[in-house]
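Here's the structure, in structure tokens; my notes come after.
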Amino acid sequence: MSRERYEMVVGLEVHVQLKTRTKAFCGCSTDFGAPPNVNTCPVCLALPGALPVLNERAVELATRAALGLGCKVNPVSIFARKNYFYPDLPKGYQISQFDQPLATGGSVAIGKNEAGADVQIGITRLHMEEDAGKSIHDRYPGATAIDLNRAGVPLIEIVSEPDLRTSADAGAYLRTVKQILQYLDVSDVSMEEGSLRVDANISVRPPGQTKLGTKTEVKNMNSFSAVERALEAEFERQCALLDSGGRVEQQTLLWDGARETVRPSRTKEGSHDYRYFPEPDLLPLKQDEKWIGDARSHLPELPDARKKRLVQEFGISPVEVEQLTATPALAEYFEAVARVSGDGKAAYNWVMGEVLAALRASSGDITHFRIRPADLAQLLNLVRDATISHTAAKRVFALMVETGKLPAQVAADEGLLQVGDEDAIATWVDEVLREHPEEGTRYLAGEKKLQGVLVGFVMKKSKGRADPKRVNQLLSARGG
Amino acid sequence: MAVTREDVLHIADLARLGVDGARADALTKELSAILAHMEVLSAVDTASVPPTDGIGAEGTPLRPDERVSPLMERTLESFAPAMRDGFFIVPRLATHEDPAESGA
């Protein structure tokens with residue numbers, strides 16, 4: 001296999017839409033899904049004389065993202081014009097940052113290596129820029145339809161060092177960055193809605209060589225798994241090319257997910273000649289040490305810190321905590337249930353089991369889940385105090401999802417409160433022995449393995465209300 | 001530093017401007033003259049002068065993240081060359097045929 005003779009070298013560019021109400025340089029709404037060109041004004045339409053004014057919130061969110069990704073935020077950064085001619089960019093240039101970006105020099109840990117040390121992926125830079133509009137080519141024959149609602153929406157671009165060596169590492173990096181941005185609450189980070197987009201730079205070289213090979217840029221990947229598959233396909237292509245005595249040509253390639261292959265983009269040669277120059281309509285962005293310090297001190301708890309804390313506080317395993325902290329909303333829900341119920345293990349089981357199953361069934365998301373954490377904790381407490389059985393609790397849970405009622409109320413309404421009363425249980429046991437004479441006789445004659453079957457009959461008869469522990473005790477006493 | 005005819009044609013191409021032979025020659029001369037003047041300016045010793053990124057020590061002013069109704073006195077239809085169903089309509093560009101290529 002030729003691929004074993006080469007090492008993959010990958011750097012990723014991640015574009016992220018910031019969660020602002022208005023665009024980067026004008027007061028137009030950033031709402032997704034508005035009718036075409038409704039959210040436009042002289043600034044984002046590039047009408048003559050219109051001037052950009054930077055959105056303070058965009059700066060805050062970009063700074064927060066930079067700090068959360070371990071970058072140094074530069075006290076002075078400069079906006080630049082990136083010139084290219086395309087109708088989705090009515091000014092003829094994109095306002096971006098070039099040689100003095102907002103932030104530089106970060107890193108994220110994407111897991112552990114074989115020696116148990118963190119695998120760190122460097123972040124070269126994080127800069128602010130504006131999004132372009134949307135061009136729709138397949139709506140009208142022979143023409144392109146332009147919607148400028150997205151033009152001017154604030155973005156950050158996060159550029160990694162060429163530190164990634166496998167497609168799996170690239171996937172891990174993307175998931176880590178996405179999770180950090182979710183915890184920082186700076187973006188919706190949805191690839192489906194286009195609020196997170198990824199371009200990959202990839203080259204190959206023989207292992208041990210330090211000089212980088214010629215890279216290609218791969219675009220048009222609509223999921224993290226598409227990024228991984230595209231990198232594998234392009235790696236194969238470059239390896240085969242070199243093995244057959246060819247040379248990798250620097251070019252932009254598009255991932256074709258249907259055909260699982262990359263193909264050259266039709267972008268004309270020279271279109272990457274962006275002729276950057278400082279944006280004369282905007283002064284340098286200055287952030288003093290106090291502003292940056294304030295932003296740093298207001299950073300929310302990041303995924304790694306939260307994982308460590310949850311493991312310590314609630315006695316759950318490292319594997320369990322990975323599942324629970326997948327999104328900040330899930331982690332917060334779990335923590336609230338665990339805190340109120342005082343039982344981390346039970347909270348884990350219920351959140352990962354019943355809660356996620358109910359959300360999947362209703363395609364809901366946890367922030368709008370009908371059962372609030374305190375009510376689920378109350379249900380857990382009813383089970384712990386043996387007020388209801390575990391089986392009954394699942395029924396109560398389903399009814400809570402359905403009706404929105406509190407657990408104690410549902411249990412009482414449905415007659416699911418557990419019966420620990422000896423007389424009631426003894427009556428059920430007697431009835432079961434009478435109704436199932438064959439099993440009863442054999443059990444009483446010493447066939448102990450039938451105890452489970454009889455307990456099951458009693459639980460059924462009691463509609464789940466009998467305390468199974470007491471039933472077992474009573475049967476043991478009879479059988480013994 | 002002089003501008004070559006190739007430079008002029010390259011920049012014109014990037015900007016999708018049609019420039020014919022005679023115009024290209026004229027522009028080459030004009031742009032070279034502008035750059036020659038820049039070289040005169042470059043000769044001034046500015047070693048002790050701090051660079052000016054813009055006017056104002058405070059940096060770029062920021063605005064609050066609040067929605068503002070667009071100051072549009074005229075409708076889009078009144079000045080857009082072509083519109084359909086709310087979209088601006090432009091000729092399809094041969095070099096950018098792929099829908100996925102749009103976007104920053």
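The values are calculated or read from the model by the stated rules, or taken from the named source; none is laboratory data. All values derive from a computational prediction rather than experimental measurement. No Cβ is skipped: glycine too gets one built from the backbone with ideal geometry, and neighbour counts run over all protein chains shown. Protein only, heavy atoms only, side chains kept; ligands, DNA and RNA dropped before computing areas. Shrake-Rupley method; radii C 1.70, N 1.55, O 1.52, S 1.80 Å.
General observations
- Counting only lysines at least 8 places from residue A:91 when in the same chain, those with an alpha carbon closer than 22 Å to its own are A:23, A:82, A:134, A:268.
- Nearest-0.05 FRET efficiency for residue A:312 and residue A:385, computed from C-beta distance (R0 22 Å): 0.25
- Amide H within-cut-off set for residue A:150, under 5 Å, with H built and near neighbours excluded: A:134
- On full extension, the segment bounded by residue A:326 and residue A:367 gains 13.4 nm, given 0.36 nm per residue less the C-alpha separation.
- In degrees, nearest ten, helix A:422-435 long axis to first principal axis of chain A (Cα): 80
- At most 16 other Cβ within 10 Å, DSSP loop - chymotrypsin sites (Phe, Trp or Tyr not before Pro), the stretch A:48-134: A:85
- Centroid-to-centroid separation of the stretch A:75-127 and the stretch B:2-38 [C-alpha atoms, Å]: 33
- Area projected by the alpha carbon convex hull of the stretch A:422-479, averaged over all directions, nm²: 3.2
- Protein accessible area in the stretch A:422-479, 1.4 Å probe - carbon and sulfur %: 53
- Karplus-derived 3J(HN,Hα), 6.51/-1.76/1.60, for each residue of the stretch A:211-224, Hz, glycine and proline x: 5, 7, x, 5, 9, 10, 10, 10, 10, 6, 9, 9, 7, 5
- Distance from the stretch A:363-380 to the stretch B:58-78 (C-alpha centre basis), Å: 42
- Exercise: per-residue mean of other protein chain Cβ atoms within 10 Å, A:140-150: 5
- Euclidean distance between Cα centres, the stretch A:404-478 to the stretch A:195-265, Å: 65
- Where GluC sites (Glu not before Pro) fall in DSSP loop in the stretch A:114-189, at most 10 other Cβ within 10 Å: A:114
- Average beta carbon contacts from partner chains per residue of A:8-14, 10 Å cutoff: 0
- Gyration tensor (alpha-carbon) shape descriptor, the stretch B:11-69, a/c threshold 1.5: oblate
- Each listed q (0.10, 0.17 Å⁻¹) maps to a log10 I(q)/I(0) for the stretch A:308-413 from the Debye sum over equal C-alpha point scatterers, namely -0.25, -0.73.
- Relative pair counts by distance (%), Cα atoms of the stretch A:252-357, 5 Å bins: 2, 9, 14, 11, 7, 5, 8, 11, 13, 10, 7, 3, 0
- Cross-link partners for residue B:29 among the lysines, with Cα-Cα distance under 21 Å and sequence neighbours closer than 8 places in the same chain left out, do not exist in this structure.
- When only alpha carbons of the stretch A:95-166 are considered, Rg and Dmax amount to 18.6, 58 Å.
- Mean accessible surface per residue for the stretch A:2-294, computed with a 1.4 Å probe while every protein chain stays in place, in Å²: 41
- If you model the stretch A:326-480 as an ellipsoid using its alpha carbon gyration tensor, with each semi-axis the square root of five times an eigenvalue, the axes come out at 36, 14, 13 Å, biggest first.
- Counting only Cα atoms, chain A measures 93, 56, 53 Å along its principal axes, largest extent leading.
- Legend: mean number of C-beta atoms from other chains within 10 angstrom of residue C-beta atoms, peptide A:38-44, equals 3.
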